[in-house]
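The values are calculated or read from the model by the stated rules, or taken from the named source; none is laboratory data. Keep in mind it's a predicted model, so treat the numbers as computed, not measured. Positions of Cβ are generated from backbone atoms using ideal geometry, with glycine treated the same way; all protein chains shown enter the neighbour counts. For accessibility, only protein heavy atoms count, side chains too; no ligands or nucleic acids. Shrake-Rupley method; radii C 1.70, N 1.55, O 1.52, S 1.80 Å.
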Amino acid sequence: MTTLSEKLHVVDVEAEAERAEDTSVAADPAPVLSVRDVRISDRAGDREIVHGVSFVLTPGRAVGIVGESGSGKTLTCRAALGILPAHFEVSAGSIEIDGRDIAGLSSAEWTALRGATISAVFQDPASYLNPSIRVGAQVAEVIRVKKGVKRGEARRQAIALLRAVHLRDPELVYSQYSFELSGGMLQRVLIAAAIAAGPRILIADEATTALDVTVQAEILDLLADLREETGLALVVVSHDLAVVAQLCDEVLVLRQGEVVEQGPTRQVLHDPQHEYTRLLIAEHEQYGLDKFLAPQLAPTPDSQEDA
Amino acid sequence: MVRRVLALPSGRIAVVVLVLVAFLAVLGPVLAPQNPLATSADTLTGTSGAHWLGTDYLGRDVLSRLLDGSRISVLGSLEVALTALVVGAVPGILSVYLGRAFEWITLRLADTLVALPFLLFAVAVIALLGNGISQAMLVTGVLVSPLFYRVSRAATLSVARSQYVEAAVIAGASVGWVVRRHVWLKVLPPIAVALAQTIGVGFVIVSSLTFLGIGVQPPAPTWGGLLASDLAYLSRRPWAPLAPAVLIMITVWACNLLADAIRDVSGEAGRALVNNRKARANRLDKAEPAPAGGA
Amino acid sequence: MSTESTAAPVEPVATTPSADPVSAVPSAEPVLQVDGLEVHYGLRRRRRSALGGVSLSVAPGETVGIIGETGSGKSTLARAVLGLVRASAGSIVVDGEDVGSYSPRQWRALRRKGVIQYVFQDPLRSLDPDLTIEASLAEPLLLQGVSREEAATRIRAFLSRVRLDEELLDRLPGELSGGQRQRVAVARALVTDPRLVILDEPVSALDSANRVQILQILKELRAEGVALVFISHDLGSVAGIADRIAVLYRGELVEVGAARDVIASPQHPYTRLLVGSAPTLHTAAADRAERAALRALLHA
């Protein structure tokens, strides 16, 4: 089997990738999220779990983190949200959200930051909603608390949000309970709640993993729309390289807490340096749809337009 | 299972205490230094050479009564627990497998038993069956059985709907096989906990019923009965309830300790616990010879 | 809306499954033959159809992928074939035996032969957490009446085929990694030398390395002449191993064909959406507008 890199002119790709990096830096110099050599340790076991992760996210851009379970990708996200599990801590490096170092934030400052500046959606949406309260009311609650508006106005805005995440009948969904909705609809409701206060960064941690493929595509499309329309910056975490490739400009490949590969998506896909990245790509080429579809689509992937 | 329980210090303590109690139950009447029913003029005396634990309000030797009463007390509470176990756990497990009708009837029966006023029912049945410790404990056991029914049913339900049971069925397992191989292990720990608890409750019930003149006839001693009779003379002998109370407490405590040990060693968590202990012991074993060699 | 030539709307009715499902298969008596299978849930008014006339056959050594979304009836199809759900119409023939009218006793006898096996989606839930790996693996053999000693030797002889270490045998499922657990679940299905194995999303929860390992094991199995039925919501996860793909949509097979044909030139709009939605290394196969058009077409 011929690999992609053999079919393409590697030099061209690299040149383009460099240009992409240049333009991104030039276009928006103020990053919304910058993670610098972050290391995370487990104080109980006295081990370092994440050995240095760095990336910079500017508005309207998307960074993807790929890795198997236990590679530290979720811990990295949780560190950025200030919700590391008990006895885990950021042992070195720094995280800046919208120019502010999060190290010295008080819990009141965190509350103000979360939702309004940085927000997140996770796997298993059902467990993040109260089954005995209508889902609409839970979205409206976020709006009331974060924006300080009255009930009626919060309801109006919540329905508008549910419409914005492409739910077909937002009024009906507003009055339903979480068990009446499918997994894809629940994830949309959670995305609506996550973007209710107009955050600048959205972290999607395995947000589409448990969903059907067609529904996964709908959610990924929704995230892409939000990014284009509102300039939302995305951090997409997945065990599937293809999911990340579809949405992100830059990819980090994490393995056992170590960033084994990092770079613009096209470069990582077409010229993987690390053996593990090659394995991820080979898996798709041998066992995935790429086995049948790759030859037709190779010339003009979408990501080229983004650069 | 037994070996794993004994691997825990708490399990060992519980077993030792319970063996001692069983020993008392078997040999207690023989060990009693005096006739437990013989009254004397020395009422409510303190400890002395003749009466190690003093005498009660009729001048009977408290130590002898305590030893003699242990058999009835232990047998009585065991009878309560075993009756409750058989009457409750068996239909509890079967209610999941024997179809809707059986399930409905047993559920309603359990509800009814819970709703019955305990003492009234006990008195009524004893009037019917005759006054005696066996009848009283049988009735008590039936009345406590809904606990076992609920516990075993809940445990069975969660197992019966699990995928590994379905996997066994796909491999050709019958209901009997599924219960023996998959259900029993999951139902055993909660039942063991309930059993230990019920034995404790049994001790208290034997004493309350004695106090009311139901079950055990007054002259025959029981631990609970001793506690009840001594309570009336607290002003004269304030420390008197101590001995029977301590006996009851230690026995109930040992039962609960055993229940905890069973729960801890069964299942995944228990295995991890035992493994951890083993690992730690290994480390200690390895660590110890080193300084000895250096010395 | 930019509908390209490939996105031209196709009437769902126009693409019924091919009349002869056995066509792409070497001539041999099928291990599984399902004809006009219908399954209903609920009673009277609340009765609703889960499967409406499904026909499919699987030959020895053949790997068939059944693709469908949640609620498409793919699990019901598997459960009907395994005798866990009663069919309201149609016939199921397993290894030459019409099992449609089997009594529970007959089912038990058939299952104990170990001809047909099933691998659950989640090995953590499908392995008894209180039984050691050895006990779990031995169960299907013991049910066949094999002695304990014999079962132990057969399990040990089998382990290398699923890349499992012998020292794992006295561990509990909770003490294994996800990939090891899934291999144990596969091993349990294989110890009885089945002729047909149905796998429900066997690799969806696994990461790349483990996924490749399981797929390799299954490929070896196929080479030995065992028929495999993969059930998945993800066309991508079966694309590399399936000979044929059957697409199940709302209880009906809307497309059956060779894997290459179904993926490269899908006919039914739902199949086109499936292919267009699956993430590939070059972003999704279809663009956003194309997917939106297909969704609108299917919901109309």
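Some points to look at:
- Across peptide C:119-126, the average count of Cβ atoms from other chains found within 10 Å of a residue's Cβ is 3.
- Calculated log₁₀ intensity ratio I(q)/I(0) where the Debye formula runs over C-alpha points of region B:1-50, q = 0.15, 0.19 Å⁻¹: -0.64, -0.77
- Of all DSSP beta bridges in the protein assembly as shown, antiparallel share, percent nearest 5: 55 percent
- Over the protein assembly as shown, DSSP H runs of length four or greater, each weighted -39,500 (n - 2.57), average out per residue to a 222 nm ellipticity of -16000 deg cm²/dmol.
- Taking the Cα centre of chain A as reference, the dipole from Cβ charges on Lys and Arg (+1) and Asp and Glu (-1) amounts to some 1620 debye.
- Residue of C:40, C:282, C:233 that the Gaussian network model of chain C assigns the largest fluctuation, springs spanning Cα pairs under 10 Å: C:282
- Calculated FRET efficiency for the pair residue B:104/residue B:124, C-beta based, R₀ 35 Å, to 0.05: 0.85
- Å³ per residue enclosed by the Cα convex hull of region B:95-252: 135 Å³
- Helix A:213-230 vs. chain A, principal-axis angle (Cα, 0 to 90°, nearest 10): 80 degrees
- Point-to-point label distance, residue B:112-residue A:197, nm (Cα→Cβ direction, 7 Å offset): 5.8 nm
- Applying Stokes-Einstein at 20 °C and 1.002 mPa s to the Kirkwood radius of the protein assembly as shown, computed over alpha-carbon pairs, gives a translational diffusion coefficient of 66 µm² s⁻¹.
- Three-way shape call for region C:254-300 based on the alpha-carbon gyration tensor, with the a/c threshold at 1.5: oblate
- Cα convex hull of region B:2-287 - mean projected area over all directions, nm²: 20.2 nm²
- Pairwise FRET efficiency - residue A:69 versus residue A:150, Cβ, R0 = 51 Å, nearest 0.05: 0.70
- Per-residue packing, averaged as other Cβ atoms within 10 Å, sorts the ranges A:222-229, C:59-66 into the order C:59-66, A:222-229, beginning with the highest.
- Applying 1/(1 + (r/R0)^6) with R0 = 22 Å to the Cβ-Cβ distance of residue C:220 and residue C:170 gives a FRET efficiency near 0.25.
- Note on the protein assembly as shown: lysine pairs with Cα distance below 26 Å, sequence gap of 8 or more or different chains, count 8.
- Accessible area buried, both sides summed, chains B and C with 1.4 Å probe, Å²: 2400 Å²
- Site pair residue A:228 and residue B:161 shows an inter-label distance of 4.4 nm when each label is modelled 7 Å from Cα along Cα→Cβ.
- Distance in nm between pseudo-label sites at residue B:31 and residue C:105 (7 Å out along the Cβ direction from Cα): 5.7 nm
- A viscosity of 1.306 mPa s and a temperature of 10 °C, combined with the Kirkwood radius over Cα pairs in Stokes-Einstein, give a translational diffusion coefficient for chain A of 78 µm²/s.
- DSSP beta bridges confined to chain A are antiparallel in about 55 percent of cases.
- Partner shielding of A:273-285 amounts to 2, given as the average count of beta-carbon atoms from other chains within 10 Å of each residue beta-carbon.
- Degrees separating the helix A:275-287 axis from the principal Cα axis of chain A, which is the longest one: 80 degrees
- The mean number of Cβ atoms from other chains found within 10 Å of a Cβ in peptide A:203-216 is 4, as a whole number.
- Global geometry of region B:135-224, whether rounded, prolate or oblate, following the gyration tensor of its Cα atoms and the 1.5 cut on a/c: prolate
- In the full protein context, region B:41-141 carries 49 Å² of accessible surface per residue, based on a 1.4 Å probe and ignoring ligands, DNA and RNA.
- Normalised by the number of residues in chain C, the average gap of Cα pairs under 8 Å and 6 or more apart makes the relative contact order 26 percent.
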